[in-house]
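Here's the structure, in structure tokens; my notes come after.
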Amino acid sequence: MSEIFLKILNMSIAASWLILAIIIIRPFLKKAPKRILCLLWAIVAIRLILPFSIESIFSLIPSSETIPPGIEFKQNPAINSGVTIINNAVNPVLSENYAPVPYASTNPLQTALSIGTAVWITGVLIMLSFALLSYLHLKRKIAASVRLRDNIMICDFIESPFVFGIFKPMIYLPSTLSDSAADHVISHEKTHIKRLDHLKKLLGYLLLSVYWFNPLCLLSYVLLCRDIEMACDEEVIKNTDRDYIAAYSQTLLDCSTRKRIVTICPLSFGEIGVKQRVKGILTYKKPTFWVMFIAVITCAILSVCFLTNPQKPPINFSLSKITWAITTDYRPEKGIITKDLTIIEIHELHSRLKNLKISKKDDDLEGFTPLFMIKAGSSEIGEFSLIGYEDEAKIAGLLYNNSYYRIDDEEFKEYLSKICAKSFFDTAPREETFVITKIDGEFVWADAYGKESNTDALHNYKIFIKDIISDSEPKVGDILAVKFRTEALNAYAPYTLVTRIGNTEDK
């Protein structure tokens with residue numbers, strides 16, 4: 001169930017961006033038919049229901065999967081909301097307080113997720129139970145109703161008219177309703193049935209039951225109910241005269257209830273937003289062609305931008321940790337220069353990559369000649385390369401899984417050029433301590449922490465050891481002090497002195 005809860009959370013977050021967009025544009029659609037507003041909420045329903053969506057370059061949703069699956073098992077749990085400020089605020093808290101502790105009996109994030117799942121399920125059951133109890137209570141109240149005609153019933157125990165039922169909806173009128181008001185009410189309720197509004201409200205409540213934890217979904221449901229009523233009012237009065245509109249408004253005021261009935265089924269005539277509805281009725285004007293055109297275009301744009309997911313980058317740098325990186329510069333006349341990035345430089349690279357926007361695939365880059373690059377990788381994503389193809393990185397790309405992606409970020413391209421060119425100035429001698437180890441039966445060296453040199457350079461390190469140690473056979477655990485002529489530390493680094501200073505087993 002935790003996986004389902006995470007999926008619901010991600011769908012809720014994605015739909016929240018659409019809800020916010022609708023709330024923002026609502027004031028600009030005052031002259032549009034209210035049925036258009038209902039259509040906007042239908043787009044929200046689709047976003048909340050469908051567990052999948054196509055990817056599009058037009059998507060305005062920052063991230064379709066803010067919380068990655070399996071986040072509770074990651075060594076460095078992190079979200080990817082697509083908004084840097086949110087990521088920077090949340091991720092440090094997750095890493096500090098919810099990262100799994102080795103050999104611990106419990107996983108903090110897994111525990112929190114299990115509790116969250118239980119709370120969510122409890123909330124869903126409460127919402128559905130409330131709806132069921134309300135339905136049964138109202139059904140008992142209307143049990144003694146008398147049929148007036150067709151699907152119209154009269155009841156002594158209700159205060160306002162409403163539609164009740166799903167597959168065979170019935171119109172229930174209070175026995176105290178006057179004959180003149182009954183005509184207006186029946187027209188209104190029949191319009192509800194014709195527009196299937198009882199089903200729309202039912203679907204809205206079911207979605208609210210699932211997404212009860214999202215306040216934007218609650219606000220959406222309230223606005224949906226209001227828009228349904230106002231759209232129904234417009235449909236009833238659109239072809240009537242001013243006298244009918246005035247009488248209809250008076251009936252609405254007479255039927256308005258002081259006590260709100262919050263259930264999933266009844267569509268009460270005077271229940272929701274009476275003041276706003278009366279104002280809308282009295283000021284109603286038939287929308288012009290251009291108002292309709294703009295409203296329809298708005299719906300289309302929102303559908304394209306918020307029903308689609310953003311194109312996923314080839315690598316999600318926010319959810320990975322770069323463990324090594326090497327720069328290679330082919331520009332100097334004196335030959336190829338390479339350099340291992342320091343821990344601080346790797347941290348800076350990772351910070352820049354988390355905010356980097358990767359464009360779509362561009363296999364044409366394969367035909368370009370690289371001038372400089374950063375080759376890096378991690379246990380989560382494997383190996384990748386960031387390549388500059390022209391001086392000053394006017395053209396740059398990402399190579400990952402044998403596919404090329406263009407990089408359009410000018411600031412990052414400038415950084416790429418400079419970080420690779422930095423090796424021009426690394427001329428200060430550097431001393432390092434290594435420990436001899438054995439891989440596949442051959443001696444190689446590893447750094448002081450016992451981490452093996454990257455596999456592409458192992459052959460070179462093996463040659464170094466065979467050439468250097470001649471007075472005695474090398475042993476696993478031998479400690480070497482190596483002085484380099486430059487700060488560069490890689491397979492091609494020129495060394496000046498190698499000294500055996502002991503063995504890790506020496507006491």
For the condition assigned to a helix (DSSP H, G or I) and either outside the structural domain of Lys286 (by the TED database) or free of Cβ contacts under 8 Å to residues at least 40 places away in the same chain (or both), what is the one hit in Ile43, Ile86?
Ile86
Just give me the residues in region 21-75 being surrounded by fewer than 14 Cβ atoms within 10 Å (Cβ to Cβ) and of a type in the set (S, T, N, Q), in sequence order.
Gln75
Looking at Ser220, is it over 19 Å from Arg26 (Cβ atoms) and either in a helix (DSSP H, G or I) or among the aliphatic types (A, V, I, L, M) (or both)?
no
If we keep just the residues of region 279-322 that are farther than 22 Å from Ile85 by Cα, at pLDDT below 85 and of a type in the set (Val, Ile, Thr), which is surrounded by the most Cβ atoms within 10 Å (Cβ to Cβ)?
Ile281
Taking strands (runs of 3 or more DSSP E) that fall entirely within region 273-380, which contain at least 1 residues that are basic (Lys, Arg)?
337-340, 358-361, 372-378
Unique residue being aromatic (Phe, Trp, Tyr), closer than 16 Å to Cys305 by Cβ and either touching a residue at least 12 places away in the same chain (Cβ under 8 Å) or assigned to a loop (DSSP other than H, G, I, E, B) (or both) when the list is Phe58, Phe52:
Phe58
For region 224-278, which positions are more than 19 Å from Phe164 (Cα to Cα) and at pLDDT below 75?
Arg258, Gly273
Restrict the check to region 362-375 and report whether at least one residue is within 24 Å of Asn80 (Cα to Cα), at pLDDT 75 or above and under 26 Å from the mean Cα position of the chain (by Cα).
no
Expected single match for among the aliphatic types (A, V, I, L, M), more than 28 Å from Ile57 (Cα to Cα), crowded, with 16+ Cβ neighbours inside 10 Å and not assigned by the TED database to the domain that holds Asn76 among Ile346, Ile358 is Ile346
When you check Leu208 against the structure, is it part of a helix (DSSP H, G or I), of a type in the set (A, V, I, L, M), surrounded by 18 or more Cβ atoms within 10 Å (Cβ to Cβ) and in contact (Cβ under 8 Å) with a residue 40 or more places away in the chain, yes or no?
yes
Those residues of region 381-411 which are over 17 Å from Asp329 (Cβ atoms) and in a helix (DSSP H, G or I) amount to Glu410, Glu411
Quick one: Leu353 ticks every box in (1) at pLDDT below 85; (2) under 12 Å from Arg406 (Cβ atoms); (3) buried (at least 18 other Cβ atoms within 10 Å of the Cβ) except a single one, so which number is it?
(2)
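The values are calculated or read from the model by the stated rules, or taken from the named source; none is laboratory data. Remember, it's a predicted structure, so these values are computed and weren't measured experimentally. All Cβ positions, glycine included, derive from the backbone under ideal geometry; neighbour counts span all protein chains shown.
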